[in-house]
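Chemist: Here's a structure for you.
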Amino acid sequence: MNSIHKILYQDSRNLEDIPSESIDLIVTSPPYPMIEMWDEMFGNQNPDILKALSCGDGPLAFNLMHEILNSVWNEAFRVLKNQNQ
Ligand SMILES: C[S@@+](CC[C@H](N)C(=O)[O-])C[C@H]1O[C@@H](n2cnc3c(N)ncnc32)[C@H](O)[C@@H]1O
């Protein structure tokens, strides 16, 4: 089986260059919400996360971090082929 490999160094919340249902497999290692080493990275994508963390509102920060990941998962779902078809 042949495979095609292409590196796109970009924000995975918007994969508009990739056609829908064109990818066979996604392997991902996302940043982990509420692990301190990723706080700044999440905060750069949504400053409200840093505000929530500085106010001690962990649940809000957690949800906002997952909103970022949800955008990534939505794009992953869009570009993946439906193997049932
Ligand atoms: C847990 S690390 C994975 C590291 C990688 N597996 C490695 O071995 O180097 C999460 C990575 O996701 C990247 N990242 C965070 N938000 C992203 C986004 N919106 N789009 C693309 N990459 C993102 C981070 O910069 C970080 O490099």
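Each reported figure results from applying straightforward, stated rules to the coordinates on display, with no laboratory input. Just so we're clear, the structure is a prediction, and the values are computed from it rather than from any experiment. Neighbour counts run over all protein chains shown; Cβ positions are idealised from the backbone, glycine included.
Chemist: Could you say whether any residue in the range 66-84 is away from the ligand (no atom under 16 Å from the Cβ) and touching a Lys or Arg at 6+ places or on another chain (Cβ under 7 Å)?
Modeler: No, every residue in the range 66-84 fails to be away from the ligand (no atom under 16 Å from the Cβ) and touching a Lys or Arg at 6+ places or on another chain (Cβ under 7 Å).
Chemist: Condition first: among the hydrophobic types (A, V, I, L, M, F, W, C) and within 13 Å of the ligand (Cβ to nearest atom). Now tell me which residues in the range 1-17 satisfy that.
Modeler: Initial filter on the range 1-17 (among the hydrophobic types (A, V, I, L, M, F, W, C)): 1, 4, 7-8, 15.
Within the range 1-17, Ile7, Leu8, Leu15 meet the criteria.
Chemist: Right, here's the next one. Which one of the conditions (1) without any contact (Cβ under 8 Å) to a residue 40 or more places away in the chain; (2) closer than 22 Å to Asn82 by Cβ does Asp11 fail to meet, given that it meets all the rest?
Modeler: Status for Asp11: all satisfied but (2).
Chemist: Separate question: Could you tell me whether any residue of the range 43-56 is out of contact with any strand residue (DSSP E or B) (no Cβ under 7 Å at 6 or more places or on another chain) and within 10 Å of the ligand (Cβ to nearest atom)?
Modeler: Looking for residues that are out of contact with any strand residue (DSSP E or B) (no Cβ under 7 Å at 6 or more places or on another chain) and within 10 Å of the ligand (Cβ to nearest atom), one finds at least one in the range 43-56, hence yes.
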